[in-house]
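The values are calculated or read from the model by the stated rules, or taken from the named source; none is laboratory data. No experiment lies behind these values; they were computed from the predicted model shown. Note that we place each Cβ from the backbone using ideal geometry, even for glycine, and neighbour counts take in every protein chain shown. SASA here: full protein model, heavy atoms, side chains in, ligands and nucleic acids out. Shrake-Rupley method; radii C 1.70, N 1.55, O 1.52, S 1.80 Å.
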Amino acid sequence: LEAVELGWLFDEFYTAFIAEEFVTAGIEPSAFLEQVAAENLANLREYDYFTTLEQAGERLELADVRRFETTIEGERLWLAFEVPLATPVDPAAGAISFAVYDPAYYIEVLYKEGGSPVLDGIDADDCSVFVMPPTPAPEMVAMAFALDASQTGEDGLGRHFAEIATIECR
């Protein structure tokens, strides 16, 4: 496993906010979107782009985004980007868990409805991907429910609500 490719489809509210920004700034939408994406990715670097990969209980280190693209798809902002692992790993050496979540649970992150991570470049018979839905404890649900729109949860709250994919290869 050398890299993960992520595709984020933002909600209508964030998209409207961004659209208002480029109209106000009087900048060509494609140039503005690229600038916003670059800034967002730079800000997300310290959080590993909200992406966690682990193998045999050890967190895998991620490197800097090496490519990205952004557009408006219908009424929503789309951002696709590739994050390489600092050191590639052999998926046959042990199951890899993969999750994307905001540690403070300010932003909810879900896999595409009916979808799960897809492995590219690997024979489908050699590997499988299982997605476990989140099963947060009642106290975590209560904690998240108590937050209003201006608050974020304690660091780590988001992990309790993350869909976790497990990649197993022979």
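All of A38, A3, A42 fail the test of being of a type in the set (A, V, I, L, M), in contact (Cβ under 8 Å) with a residue 24 or more places away in the chain and open to solvent by 40 Å² or more (accessible area, probe 1.4 Å), apart from A38. Being open to solvent by 50 Å² or more (accessible area, probe 1.4 Å) and either within 22 Å of I167 (Cα to Cα) or out of contact with any Lys or Arg (no Cβ under 7 Å at 6 or more places or on another chain) (or both) is a property that holds for E58. Criterion applied to A124, A93 was being open to solvent by 40 Å² or more (accessible area, probe 1.4 Å), under 21 Å from E2 (Cα atoms), at pLDDT 90 or above and not polar (S, T, N, Q), and the one residue passing it is A93.
Hey, which of the strands (runs of 3 or more DSSP E) in segment 29-119, taking only ones fully inside, have at least 3 residues that are touching an Asp or Glu at 6+ places or on another chain (Cβ under 7 Å) and farther than 18 Å from G156 by Cβ? I'd like the intermediate steps shown before the answer.
On the way: elements: 51-55, 67-73, 76-84, 96-100.
The strands (runs of 3 or more DSSP E) meeting that bar are 76-84.
Being buried (at least 16 other Cβ atoms within 10 Å of the Cβ), under 30 Å from A146 (Cα atoms) and modelled with pLDDT under 90 is a property that Y49 lacks. For segment 17-35, a residue qualifies if it is open to solvent by less than 70 Å² (accessible area, probe 1.4 Å) and among the hydrophobic types (A, V, I, L, M, F, W, C), and the qualifying residues are I18, A19, F22, A25, I27, A31, F32, L33.
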